[in-house]
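The values are calculated or read from the model by the stated rules, or taken from the named source; none is laboratory data. A quick note: this is a predicted structure, and the numbers were derived from the prediction, not measured. For neighbour counting, all protein chains shown are included, and Cβ atoms are generated from backbone atoms with ideal geometry for every residue, glycine included. We work out accessible area using only protein heavy atoms, side chains counted, and drop any ligands, DNA or RNA first. Shrake-Rupley method; radii C 1.70, N 1.55, O 1.52, S 1.80 Å.
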Amino acid sequence: MRGALYTTVVTLLGFGLLMLAASFCFHALQTRMEDKTQLMADYVAATGVKPASSFGPLAGLLGAAPVSSGVPEAQMRDGLTTFYGWELKGFALCVLALLVTILATAQITWRLSLSGLSRTISSVLAGLIVAVWLAVPYIAQNLMPGEYEMDSAKVAQFSPIHGALTGASWGTAHGRADLTPGSVGSRHMENAENLGWRWTTFMGFSLLLTGGLALTNTLTYRKVMRTFASMSAQQQQPIPVQITQAQIDQVMAAVTQPLPAAPVQPPAPPQA
């Protein structure tokens, strides 16, 4: 029980520290926008489409900074701010998937501990169960007919690895949908909705597993505590002795029976 509590506390603390680090990175990315050359490079990386430069194909040879021909600098800066915001949300979804995975692992370890196994065996079995949870969905997905793609996974989406990556990909896809208008943006938005649905499916499955294990563990824990309490009470109270009526009559007869008289000693002969 302490192990499950410590795991929860450490996980929440780690989640808070990761989000704090992500906020610092977000502000660092915003600082990079002050450099026009870096702003253009980041915008190209975010959209995935290289815009035209002011010098055409000779821009790289001349060493000139590329300037967008169709997107103003202020619009690029606002678009990147929005894009980084969506990526931060995707990072939060990634960490939440890992958080639920660790909570489920703690419940699995607690379940094995309540079964009466030793601490070492419980830890080994819990590690094997988590390894199976990580790997088996990918193996099953690869065994299915057709080419495996992350965005169209049917079985691999139930793996914690896939759930975390899906959350991060959702943020990137949603950010690109806001940056690229037209049919390209629509495709990015459709991809983001698909990824969001798959992340929700994984989280629903993981939360159902964690909640079911937590409920059964709580009921088993209370049962074990009641058993220990009853055993302790029986050890503290003396066990009453059952005496029959015949035994009582025998004891009373032995108590009320008169004692035999002491033998009389003959007088001693007179001394001369």
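Quick test for you: out of 222, 226, pick the one residue that is farther than 16 Å from residue 107 by Cα and open to solvent by 90 Å² or more (accessible area, probe 1.4 Å). Walk me through how you get there before you give the answer.
Working: 222 fails: farther than 16 Å from residue 107 by Cα.
Result: 226 is the single residue among 222, 226 that is farther than 16 Å from residue 107 by Cα and open to solvent by 90 Å² or more (accessible area, probe 1.4 Å).
Out of the stretch 191-207, which residues are among the small types (Gly, Ala, Ser) and without any contact (Cβ under 8 Å) to a residue 60 or more places away in the chain?
Passing the criteria: 192, 196, 204.
Given the structure, is residue 174 crowded, with 22+ Cβ neighbours inside 10 Å, in a helix (DSSP H, G or I) and of a type outside the set (A, V, I, L, M)?
Yes: the conditions hold for residue 174.
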